[in-house]
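Report on the structure given below.
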Amino acid sequence: MTDPPGPLTPEAEQELMRRMISGDEDAVRELYGRFGRPVFGLGLRMLGSSGAAEELTQDVFLAAWRKGGRYDAARGRLSTWLMTIAHNLAVDRLRRESGRTPTAVDGLDELVEAGGIDDEEAVLAREDLRRALGDISAAERRLLHLAYLRGWTAREIAEADRIPVGTVKTRLRSALIKLRRIHGKAEG
Amino acid sequence: MTVDCAAVREELAEYSVGALAAPRRRVVSEHLRGCAGCRKEAGELAEGAAVLALASPAEPPGGLEQRVVDAVAGRAARSRRRTARAALLIAAVVGVAAVGIVGAMAGRVRQAEDAAATAREHAELAAERFESVLEGVGGAGPVLSAPLAAPGSEAGGRAILYDGDEGRDFALVVIGGLPSSGEPYEAFLVSPAGRRLEVGRLRPSGAGEHSRYRFFAELSGARDLVVVDAEGRTVQRATFPGA
């Protein structure tokens, strides 16, 4: 796989999705070139095996094709839309197949240490994430880990950590807002 | 911001990280369809969540790209063939249904209420045939169907939405029993935010039947279908289940 090219304008993202849903193979390759690695990486971390991550990746791009007519660049970035699809599919699979059994995924602290790809964009993204995670508390990091990577609900986290559900919600929101601040930098 | 907004916003962080249990997730999704303010906030939180996903790339196996391309291109080609077949079948059934209705009515004199009741039955039958054809053709999405009704009126009919692949969604309206005044009725799909999409003009026969269908790029947000008269008054409404 070649390195992902630079970011697209909203108009170009909309056009890419228009070509993709018509079955244009070049458009599918471009979308995969941009997001294949983060989608596969998310699958690996959440589902714990290369086989499951491959299946997830294929499912995500098929879902993107099926739902592509609903993508609206004016409402948000393509990366957010596609990674939301990927995450939702991974959470569904986690809940369906393993219930609450923890999978062999790394925590958020380990996530930023993840290697395997040394292209500049990935390194920058990890640096951004490291800085963002440095801004949030250990409690917020644990919440993101349980909610985002393990698919736990706020109530389940509250019961496990013996804290009020309201506190879970507040911390989660605060952590996401801090992470969002770096989103622009992560994508340029 | 409404009371609903306050409750929904309290849950948006959980929603954005996929940690909201299914029943509430559906409630929040439904609210977001019709509320630009909450949708904006949900989008911002989703951007934060996406950072976590984007920052953990890993190199996939070499053959995965080709498998993804083959899967998407294959599904797109099958969808094109299926949509073309569906369009032909729908056109054929529309023709047959119209002939059947006209034939059944020809030469018969009925009281107005009998005609309306018969027309409603015919509309139901025609709609069932459409649904059965659409389900037989098979599609990526569901067929949503809802009866057309108006308080205190004998008029009937049915509205059908078909969630197709590749942005080829489809809306069908069959009316029965509406008075034929010479002026056409118009059918519109209505989004939760109140935006209207025209389905088409309806000119009922003497007994009040007529059907109209139209392809759309995307209908996933449609909640109601309304039929309005020449003065713009809503004379019939269908609300889609689970829409």
Take segment A:81-93 and flag every residue that is within 7 Å of another protein chain (Cβ to nearest Cβ) and either touching a residue at least 12 places away in the same chain (Cβ under 8 Å) or among the aliphatic types (A, V, I, L, M) (or both).
A:Met83, A:Ala86, A:His87, A:Val91
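Here's the yes/no breakdown for (1) in the same structural domain as B:Arg196 (by TED's automatic domain parsing); (2) at pLDDT 85 or above; (3) over 30 Å from A:Gly23 (Cβ atoms):
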position: B:Arg9; (1), (2), (3): no, yes, yes
position: B:Gly37; (1), (2), (3): no, yes, yes
position: B:Glu44; (1), (2), (3): no, yes, yes
position: B:Gly62; (1), (2), (3): no, yes, no
position: B:Val93; (1), (2), (3): yes, no, no
position: B:Gly100; (1), (2), (3): yes, no, yes
position: B:Ala104; (1), (2), (3): yes, no, yes
Exactly one condition in (1) buried (at least 20 other Cβ atoms within 10 Å of the Cβ); (2) touching an Asp or Glu at 6+ places or on another chain (Cβ under 8 Å); (3) in a helix (DSSP H, G or I) is not met by B:Arg24; state its number.
(1)
From B:Ala13, B:Ala71, B:Ala53, B:Ala6, residue being in contact with a His (Cβ under 9 Å, 6 or more places away or on another chain), in a helix (DSSP H, G or I), free of Cβ contacts under 8 Å to residues at least 60 places away in the same chain and aliphatic (A, V, I, L, M):
B:Ala53
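The values are calculated or read from the model by the stated rules, or taken from the named source; none is laboratory data. Everything quoted here is computed from the prediction, not taken from an experiment. Neighbour counts are summed over all protein chains in view; Cβ atoms, including those assigned to glycine, are modelled from backbone coordinates with ideal geometry.
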